[in-house]
1. Has segment 459-472 got any residue that is in contact with a Lys or Arg (Cβ under 7 Å, 6 or more places away or on another chain) and more than 29 Å from L680 (Cα to Cα)?
2. Taking E67 as meeting all but one of (1) without any contact (Cβ under 8 Å) to a residue 24 or more places away in the chain; (2) of a type in the set (D, E, K, R); (3) farther than 20 Å from A168 by Cα, write down the number of the exception.
3. Please work out which one of (1) over 27 Å from the mean Cα position of the chain (by Cα); (2) of a type outside the set (V, I, T); (3) surrounded by 21 or more Cβ atoms within 10 Å (Cβ to Cβ) is the condition D396 fails and give its number.
4. Of the residues V654, V614, V661, which single one is crowded, with 20+ Cβ neighbours inside 10 Å and farther than 21 Å from R819 by Cβ?
5. Among the residues of segment 354-387, what is the count of those that are under 20 Å from D262 (Cβ atoms) and surrounded by fewer than 19 Cβ atoms within 10 Å (Cβ to Cβ)?
6. What pairs can you find where one residue is in segment 288-317 and more than 18 Å from T336 (Cβ to Cβ) and not assigned by TED's automatic domain parsing to the domain that holds L329, the other is of a type in the set (G, A, S) and part of a helix (DSSP H, G or I), and their Cβ atoms are less than 8 Å apart, with a gap of 6+ or different chains?
7. Given the conditions (1) free of Cβ contacts under 8 Å to residues at least 60 places away in the same chain; (2) part of a helix (DSSP H, G or I), which single one is not true for R48?
8. I'm checking my understanding of the structure. Among residues of segment 764-800 that are assigned to a loop (DSSP other than H, G, I, E, B) and out of contact with any helix residue (DSSP H, G or I) (no Cβ under 9 Å at 6 or more places or on another chain), which one is surrounded by the fewest Cβ atoms within 10 Å (Cβ to Cβ)?
Amino acid sequence: MHAQETTFSKLVQGEQQFQVPLYQRTYSWQRDELRQLWDDVQELVEDRQEGRTGSGHFLGSVVLAPERVVAGGMQRWLVVDGQQRMTTLMLAFTALRDHHRSRGSVKKAARINDLILVNTYQDGHDGYRLLPTQADREAYTACVDSLPKAGGAGNVGAAYRFFVAALADGAESGGEAWVKAVESVLGDCLSIVAITAAEGDNVYRIFESINNTGVGLSQSDLLRNYLFMCLPSRGEDVYRKRWLPMQELLGPVHLELLVWLDLVVGGNSRARQSEIYRDQKKRLEPLSGDEAALEAEIARFSRRADRLMRILEPEREGDPGLRAVLERLSRWGGQTHYPLALHLLDLVDEGRTTASEAAEALAYAESYMVRRLFAGLSTTGSNRVFMELPKELDKDGSPAEAVRRFLSRPRTGARVWPGDDAVRAAVRTRPFYKTGRSSQRFQILRRLEESYGSSEPVDYDKAPLTVEHVLPQNPAQQWFDLLAEEAADGESPQEIHNLLVPTLGNLTLSGENARLSNHPFHRKQELLDSSALRMNQEIAARERWGRGEILARAEELADRAVSLWPGPLDEVVRSDDEWAGWRELREILLAVPAGTWTSYGELAALIGTSAVAVGNHVAARTGLHCAYRVLTADGRIAGGFRWTDDRHSGDPKVILEAEGVPFDENGRASKAHRLSSTDLAVLVGKEPPEETPAGAAAARTGGDEAGTRFETLLRANQTPEVAEGVLAALRFWTEQGGYQVYGKANETSCSPTVDAGGPGSPRAVWPIGIYPVSGTAEVVFQYLKRRPPFDDEPLRRALMERFNAVNGIHLAEAKLDLRPSFPLEVFASHTEEIQSVLEWFIHEVALAEARRPIDDDASGMF
């Protein structure tokens, strides 16, 4: 085998083809992997634009085996390993080509098409520079060939849409110079090691060898080995006294985190966790001949390990004020604040600042993250901001004021710290319930409740509190009658409901969600009034609960929010006058898959405005991506629709049908292909996948209260035939070795669940969620795509096909990444067919478990 370092553009240049063999798994990169790659690309683009040479970025290896030379002299290679990276870059270049086309840069688009994507003078499949495995081929070629279904459901379509959106967003602020830098980075700055096998080698054996070699050495393992090779006389003593206790305190994951943080706090704000060994070795090489100096470095690591543990486990912190803010940040989740927190603890322990000053500095960091969540701003860029913060603290003056001054600097929209007016507006109008992670929303409500200073504080660790909608998500007619009293001309109660129900003014914490449900307000008043939470007592004191009351409470909570989370310095002036919601609208439209549609009202509910305002903006905005996929609430093309871009013309209904959206004889698009505001939130990453079925507690069947309550709701809301069909299917599931998990939401749900790794395994999977009140069953592709074995896309498609073979079920292919539903009525007459699908599901889980290899133990030096 021959190995050579190269770049992507050099690797694929010339008339050749890279074919992914059938034994390879399908394309599996999702938003997290794409975002990581794009962050690296953005960093290299910044280097290039600011004149820094940079070291490039090592993307990984690609193993190729020559297959044969086809007619015309074209070389064909089998991609033995590395197809995920190659497919991702090809899709990035496809999006870049289409970006040029959309702006009329025909020559630039043709250059990418001919040099990267296709073999212009070859026919059929030979015309594609990359040919994915058969399961991905249709989705990939649709993108390369610019077919109507380009950017549809599945991982390939989602990756293409990701890059289309990223390029549109970056070009808006960076212009064509930025786009040019992106193209250069993608083609020439991502380093790849191309390993080529000799003709006649057993390709499958090579693949098997590469992918079954046990656990490799981590970055911290490599650093440890290097350090102790440089300590020939002191190594054993230093290892026993310094390194081993630190390693045992942190564990392998947190040890690697410490080594990375050490670089960042030391001033390397561009350190990547994947390359910490290289950067630490470069830093330590001048000391390689000085054992005393290297021992001092290990001692410094050890001291910082104790400080890192105070961040990871705030109860270790001795100062009450500093401990309190560390606890809040820990509950917030993520590692964004770690570099700042570690450096502040350095300063405190070294006597260079006080614990109260450190607590104030971290409170500003907390405010930055909370206010951005209120405003619905992306977390993209926040990690970079906090990685740059430590060096600001080394300047003269108060660390707290240094943090506030740095975060207050004018920045682009991706990194802005919202001021008081922006927070107040967001609290009034934005769909808080669809913003951030559920744990973060809970923490904000908790802090707001704590601000009332109740004489009997709540034990949040023990109280079974969840977020409750006072105006229910699925209200009875009484609620709509109430909202109708406040409706303006041309405004429906449903539209008012959609706008108000997810806002902060309508949300509270309660341990009585099951009892509160969608009852009328007077019934909720009784339960809320008996609550120990002051915010619930305040709600119960109202005579009614409609638009006026929700907006009044929003104003009161906004006052508390701007006081609890102080904002940027007053003298900072923002130059960006565009409402953030319109930027968010553009991001959402870029994420809508081909073969789906949404309505003006669903978009309005997600960005916090009215359907009329969205309609006016869509009609007036020039060049808005795929605006033809926005229809009226009943699925019709809006009256007076006109094209505002140069890319499309003709009847939008014809284009939508070509993409896969069916229309009925009355010109209404299929509801099965409609995207709700929840679907849209998933597509733009605003609703992360839940870790348990329907956010449920692991309550199994067997006479438990949850199961009884589910059956009661099922029989009360569905016909006897439907209820019996559902219960029969659940009994069948249990007989096959599964169990039921019940939701804790207002209207309880049931998820038939099976443990992929045997009883008690954390790798639980479930095919559907059953909702007895709404009368629907959701097929949870959104969650399955992250859980083996259904993280393999063909298996999810097979599940969809089996469900669709049941009469009465129609799951739109374009919703393969979401949670499409079907009515529970299907269970009444097709129970056995559904049982057959469930049996197949359990069989596939068991089959995959039987094939799963047992992980090998591996250990490095020492």
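1. yes
2. Every condition holds for E67 apart from (1).
3. Just one mismatch for D396, condition (3).
4. V614
5. 2
6. none
7. Result: R48 passes all but (1).
8. Filtering segment 764-800 for residues that are assigned to a loop (DSSP other than H, G, I, E, B) and out of contact with any helix residue (DSSP H, G or I) (no Cβ under 9 Å at 6 or more places or on another chain), the one surrounded by the fewest Cβ atoms within 10 Å (Cβ to Cβ) comes out as R786.
The values are calculated or read from the model by the stated rules, or taken from the named source; none is laboratory data. Bear in mind that the values here come from a model prediction, so they are computed numbers and not experimental data. Here Cβ is always computed from backbone atoms with ideal geometry, including for glycine, and neighbour counts include all displayed protein chains.
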